[in-house]
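Working notes, beginning with the structure itself.
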Amino acid sequence: MVDLLTAGNRFARRAPRILCGESFGACLALQVAASHPELIDALILINPASSAMGQPWIRWGADLVSSLPRAIYGLSAAALLPFLIAQHRVSPANQRALLQAMRSVQPRSAAWRLSLLADFSARQLPLERIEQPVLLLASGADRLLPSVAEAAALSQRFRRASTVQLPGSGHACLLERKIRLGALVNEHAVALA
């Protein structure tokens with residue numbers, strides 16, 4: 001009987017449910033957290049693409065990408081790479097992996113994703129409902145989106161938000177040699193408590 005009680009208590013304790021999203025994924029995380037805040041214990045947003053709606057290139061980018069021939073689409077992925085990463089901070093292997101991942105996405109899928117970003121508005125979400133702690137990571141050298149400004153704007157909408165600026169980091173900062181998400185979360189655990 002004692003063993004069953006001990007086992008029951010062990011299973012009753014659970015790990016915290018931390019929802020983490022980067023860029024487009026941060027928009028999805030915002031939507032989930034705003035709709036069902038009771039499902040999470042903390043939220044981590046990394047360079048949220050919630051500012052994309054205000055970028056002039058987003059609308060025409062969706063139209064352009066869907067009409068590109070496959071060969072040119074592959075070249076455009078390579079041209080976009082310097083806007084996504086701080087190349088000197090990302091290993092050549094990670095650069096190749098990112099480029100391969102970008103090229104594996106069909107043009108219609110990329111255009112659909114861009115159109116979703118063009119229509120996404122964090123302003124319309126009830127972010128004030130989120131009482132859980134929120135950690136915002138913003139790259140200081142993001143050449144794709146104004147991540148620092150967006151993190152600052154979003155932080156004002158949460159009850160318990162902390163923002164960490166990553167100076168010198170590009171948009172896809174998790175690919176960088178010196179960026180370790182686990183270490184950042186541990187370092188700023190107070191923000192998530």
Can you find, within the stretch 9-31, the residue that is modelled with the highest pLDDT among those that are aliphatic (A, V, I, L, M) and more than 22 Å from LEU174 (Cα to Cα)?
ALA15
Which of (1) open to solvent by less than 90 Å² (accessible area, probe 1.4 Å); (2) at pLDDT 95 or above; (3) under 27 Å from LEU81 (Cβ atoms) does SER155 not meet, given it meets every other one?
(3)
Residue list for the stretch 138-173, filter: assigned to a strand (DSSP E or B) and under 23 Å from LEU114 (Cβ atoms):
ALA138, SER139
Residue pairs meeting the criteria (Cβ under 7 Å; at least 6 apart or on separate chains; first aliphatic (A, V, I, L, M), in the stretch 153-178; second in a loop (DSSP other than H, G, I, E, B))
LEU154/PRO48; VAL164/HIS188; LEU166/GLY140; LEU166/ILE179; ALA172/ILE85; LEU175/ILE85
Checking PHE83 against (1) touching a residue at least 24 places away in the same chain (Cβ under 8 Å); (2) open to solvent by less than 80 Å² (accessible area, probe 1.4 Å); (3) in a helix (DSSP H, G or I), only one condition comes out false. Which one?
(2)
Near pairs, Cβ below 7 angstrom, 6+ apart or cross-chain, from the stretch 116-128 (touching a residue at least 60 places away in the same chain (Cβ under 8 Å) and more than 16 Å from SER147 (Cα to Cα)) to any residue that is among the polar types (S, T, N, Q) and surrounded by fewer than 18 Cβ atoms within 10 Å (Cβ to Cβ):
LEU125/GLN31
Any residue in the stretch 141-152 that's within 18 Å of GLN87 (Cα to Cα): show its pairings with residues that are in a loop (DSSP other than H, G, I, E, B) and open to solvent by 40 Å² or more (accessible area, probe 1.4 Å) at Cβ separation under 8 Å, as long as the two are six or more apart or on different chains.
ALA141/PRO167; LEU145/GLN55
Number of the exception - VAL148 against (1) touching a Phe, Trp or Tyr at 6+ places or on another chain (Cβ under 9 Å); (2) surrounded by fewer than 20 Cβ atoms within 10 Å (Cβ to Cβ):
(1)
I need every pair where a residue in the stretch 36-48 that is in a loop (DSSP other than H, G, I, E, B) has its Cβ under 9 Å from the Cβ of a residue that is open to solvent by less than 10 Å² (accessible area, probe 1.4 Å) and among the aromatic types (Phe, Trp, Tyr), sequence separation at least 6 or different chains.
none
Give me the residue from the stretch 95-129 that is in a helix (DSSP H, G or I) and among the hydroxyl-bearing types (Ser, Thr, Tyr) and, out of that set, least open to solvent (accessible area, probe 1.4 Å).
SER115
Identify, by number, the condition in (1) more than 15 Å from the chain's Cα centre (by Cα); (2) open to solvent by less than 70 Å² (accessible area, probe 1.4 Å) that ALA138 doesn't meet.
(1)
Name every residue in the stretch 174-193 that is assigned to a loop (DSSP other than H, G, I, E, B) and either touching an Asp or Glu at 6+ places or on another chain (Cβ under 7 Å) or open to solvent by less than 30 Å² (accessible area, probe 1.4 Å) (or both), in order of residue number.
ILE179
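The values are calculated or read from the model by the stated rules, or taken from the named source; none is laboratory data. Everything numeric here is computed off the predicted structure, so don't read it as measured data. We place every Cβ from the backbone using ideal geometry, glycine too, and count neighbours over all the protein chains shown. Areas reflect the complete protein model, heavy atoms only, side chains present, ligands, DNA and RNA absent. Shrake-Rupley method; radii C 1.70, N 1.55, O 1.52, S 1.80 Å.
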